[in-house]
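Reading through the structure tokens given below for one structure.
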Ligand code: AMP
């Protein structure tokens, strides 16, 4: 897509720090510099997010998320990863080309990855009625 920054990264029009690529997937460091090794894994073909991505590309992206995450834990000195994805502006997606964030973690690194704090009143049975497939 013409005005998509992640498409431009795939095409080499915008520089990046590449971590991995194959025929369908590209992975590179996030410029946020908020966590060491913060990585984005994207399909080379443009999809807005998980909601419009076809199975072939979504499978390839998830497999690459697993490959890169395992590499970080098995060979790069990390103890785990958070895999994070936002779909839609309401979910705080800011770049509208599908991507999964990999945040490499070390025990006791002090990062706070879970924004939900405290319990709220809710009826799980009612919520299940609304959401179950
Ligand atoms: P999200 O808010 O989930 O859509 O994440 C978008 C991410 O893209 C943010 O973490 C940005 O820091 C990152 N980002 C935006 N532009 C670039 C770029 N040119 N190179 C690498 N990461 C980028």
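Inside the stretch 44-57, can you point out the residues that are over 11 Å from the mean Cα position of the chain (by Cα) and within 16 Å of the ligand (Cβ to nearest atom)? Break it down into steps so the answer makes sense when it comes.
Kept after step one, since they are over 11 Å from the mean Cα position of the chain (by Cα), are these residues of the stretch 44-57: 44-48, 51-57.
The answer is 44, 46, 47, 48, 51, 52, 53.
Exactly one of (1) without any contact (Cβ under 8 Å) to a residue 40 or more places away in the chain; (2) more than 16 Å from the ligand (Cβ to nearest atom) is unmet by residue 92. Its number?
It fails just one condition, (2).
Please enumerate the residues belonging to the stretch 23-34 that are part of a loop (DSSP other than H, G, I, E, B), within 11 Å of the ligand (Cβ to nearest atom) and either surrounded by fewer than 17 Cβ atoms within 10 Å (Cβ to Cβ) or modelled with pLDDT under 95 (or both). Before you say what the answer is, go through the steps one by one.
The first filter runs over the stretch 23-34 and keeps only residues part of a loop (DSSP other than H, G, I, E, B), leaving 23-24, 30-34.
Keeping just the survivors that are within 11 Å of the ligand (Cβ to nearest atom) gives 30-34.
Across the stretch 23-34, the qualifying residues are 31, 32, 33, 34.
Can you tell me which condition residue 41 does not meet? The list is (1) within 11 Å of the ligand (Cβ to nearest atom); (2) in contact (Cβ under 8 Å) with a residue 60 or more places away in the chain, and all the others hold.
(1)
Kindly indicate the residue of the stretch 4-22 that is within 17 Å of residue 62 (Cα to Cα) and part of a strand (DSSP E or B) and also nearest to the ligand (Cβ to nearest atom) among those meeting that condition. Step through it out loud before you land on a result.
So in the stretch 4-22, the residues within 17 Å of residue 62 (Cα to Cα) come out as 19-22.
Then drop every residue that is not part of a strand (DSSP E or B), which leaves 19-21.
On the way: 19: 11, 20: 14, 21: 14 Å.
This residue is 19.
Please indicate, with yes or no, whether at least one residue in the stretch 54-74 is touching a strand residue (DSSP E or B) at 6+ places or on another chain (Cβ under 8 Å), surrounded by 18 or more Cβ atoms within 10 Å (Cβ to Cβ) and in a loop (DSSP other than H, G, I, E, B).
Within the stretch 54-74, none of the residues are touching a strand residue (DSSP E or B) at 6+ places or on another chain (Cβ under 8 Å), surrounded by 18 or more Cβ atoms within 10 Å (Cβ to Cβ) and in a loop (DSSP other than H, G, I, E, B).
The values are calculated or read from the model by the stated rules, or taken from the named source; none is laboratory data. Nothing here was measured: the structure is a model prediction, and the numbers come from that model. No Cβ is skipped: glycine too gets one built from the backbone with ideal geometry, and neighbour counts run over all protein chains shown.
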